[in-house]
1. Give just the number: which of (1) part of a strand (DSSP E or B); (2) without any contact (Cβ under 8 Å) to a residue 24 or more places away in the chain does residue 232 not satisfy?
2. Confirm whether residue 120 is over 25 Å from residue 317 (Cβ atoms), within 12 Å of the ligand (Cβ to nearest atom) and outside any loop (DSSP other than H, G, I, E, B).
3. Does region 209-218 contain any residue that is within 16 Å of the ligand (Cβ to nearest atom) and in a loop (DSSP other than H, G, I, E, B)?
4. Going residue by residue through region 350-359, is there one that turns out to be out of contact with any helix residue (DSSP H, G or I) (no Cβ under 6 Å at 6 or more places or on another chain), outside any strand (DSSP E or B) and either in the same structural domain as residue 276 (by TED's automatic domain parsing) or more than 30 Å from residue 209 (Cβ to Cβ) (or both)?
5. Pairs only if they're at least six apart or on different chains, beta carbon under 8 angstrom, first in region 200-229 and farther than 28 Å from residue 59 by Cα and in the same structural domain as residue 166 (by TED's automatic domain parsing), second in a strand (DSSP E or B) and within 7 Å of the ligand (Cβ to nearest atom); list them, first residue then second.
6. Which numbered condition in (1) crowded, with 21+ Cβ neighbours inside 10 Å; (2) within 26 Å of residue 232 (Cα to Cα); (3) touching a residue at least 24 places away in the same chain (Cβ under 8 Å) is the only one that residue 310 fails?
7. When you scan region 429-437, do you find a residue that is more than 34 Å from the chain's Cα centre (by Cα) and more than 16 Å from the ligand (Cβ to nearest atom), even just one?
Ligand code: GAP
């Protein structure tokens, strides 16, 4: 279908799914407001995600603030590395993503992982132009631009803070609380659905690249040596994979089951494979068209600073592939960083099945000697000696042991180090858990679901636009109409609508315009069923109504008392 993007955008504005924020004041790029239908669709997708990836897996959901102090992002690495490449046109002043200019004009698929030097070189060699005014950008420098929104916390100059660029840090930073809550038992999963903020250089395509986004993230904390996923639950699910190797050889993607992907080592982590299986089931249930879908593995130079492997779920709209979810193996990166940078303990005590005897080497430096001898350096020297005793016990065989502090070296008499070899009984050890992270972008899910549900056909010789949304996510499950709002038809229809609401259905009541128009309105917002109350309803005993199916447009007479079962 040609120009689906434009059609979705028009339909969304007309029918209350989403539209640009503050259009009355000229609009602001990268911010979208969800209207009544969009907000309900989004909420249904979030609830369906919550059910699939949190509640039914026994994970626990939390809610952290969207603003965090600078120290969190210093530790997480976002301050240093959460950048995109920017190029500013000297003629019209437009700032653009330099890697996008390269991708859009050279046939290079993924330029995000290239260095700024390489991007400058490609722009120069191809004389690439400003997308706004066509000015040649050959000699314009490409720079790193940090995507975090900065703010200050409290009055005056305040404390420096940032709007979170991912919900994940709100989970990692509180890990010491959660491990206590989980009684130190790995594995466990913490989930969160909430807003994140990225000061995107060039927001685009409605919901696809926004500056305020909703993420649904799951951080699964595991012991990498012991914990295995319940892979048999998903082993027969077919995955559509586009591996790094296939991309590099310019081959097409391939289909294989979760089990085959793990056995053939196409997906290195069985945890990632497990989540790709679960996610495939979920995408299908919310209406993602699997003919316009794939899992693409990241190239090495494309990996985020925290990830050792990553697969993206991508959906296709108008021929473009959109990343809708990232499945990253984050290893111990985040917890290790917070352990190093903060005062808290981000390790978990792993108890052995049985206590073990272990040979250890230790030093207990004589502070009575070090203090007078080395003054304010004594404590640091003692620490170095203790470290050395653990890591390089062979150095304690000579007369002295070297302790290096920055540029200065100190020779400490071995006899003052109180070096010892001994056997201790250990009941366990402290480990830093690894993290497996499926991270879903809800705005892009909404967009994909709308685009893949969009259809046009003909009914009664008239062109019809219909959203074939699944019942799982449709904003309204059933619409109830009186044929006309007179002779008691309106009262009966309102009564049926209220009865269905009480039974847990999401119901809209509509009595404006002719029935044909009302059907079209509901088709355009994806309502699977419409019920019409007519004169027969009042005459029949037991009472009946017509139920119209959105997709086939066929109508059936159903007894009112059997409606909920029928639906
Ligand atoms: N915690 C990991 C993380 O944030 P990510 O790949 O940067 O990973 C996860 O983001 C998902 O969030 C993406 O797959 C995408 O669906 C969504 N996302 C990221 N930036 C976005 C943006 N500017 N607009 C809309 N969605 C976005």
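1. Every condition holds for residue 232 apart from (1).
2. On the way: over 25 Å from residue 317 (Cβ atoms): yes; within 12 Å of the ligand (Cβ to nearest atom): no; outside any loop (DSSP other than H, G, I, E, B): yes.
The answer is no for residue 120.
3. yes
4. no
5. That search, which allows pairs on different chains as well, returns 200/209; 202/209; 203/209.
6. For residue 310, the failing item is (3).
7. No, because not a single residue in region 429-437 is more than 34 Å from the chain's Cα centre (by Cα) and more than 16 Å from the ligand (Cβ to nearest atom).
Results for (1) farther than 30 Å from residue 50 by Cβ; (2) touching a residue at least 24 places away in the same chain (Cβ under 8 Å); (3) assigned by TED's automatic domain parsing to the domain that holds residue 321; (4) away from the ligand (no atom under 16 Å from the Cβ), shown as yes or no for each residue.
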{"residue": "400", "(1), (2), (3), (4)": "yes, no, no, yes"}
{"residue": "407", "(1), (2), (3), (4)": "yes, no, no, yes"}
{"residue": "411", "(1), (2), (3), (4)": "yes, no, no, yes"}
{"residue": "452", "(1), (2), (3), (4)": "no, yes, no, no"}
{"residue": "456", "(1), (2), (3), (4)": "yes, yes, no, yes"}
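The values are calculated or read from the model by the stated rules, or taken from the named source; none is laboratory data. Note that this is a predicted model, so its numbers are computed, not measured. Reconstructed Cβ throughout: ideal geometry from the backbone, glycine too, with neighbour counts over all protein chains shown.
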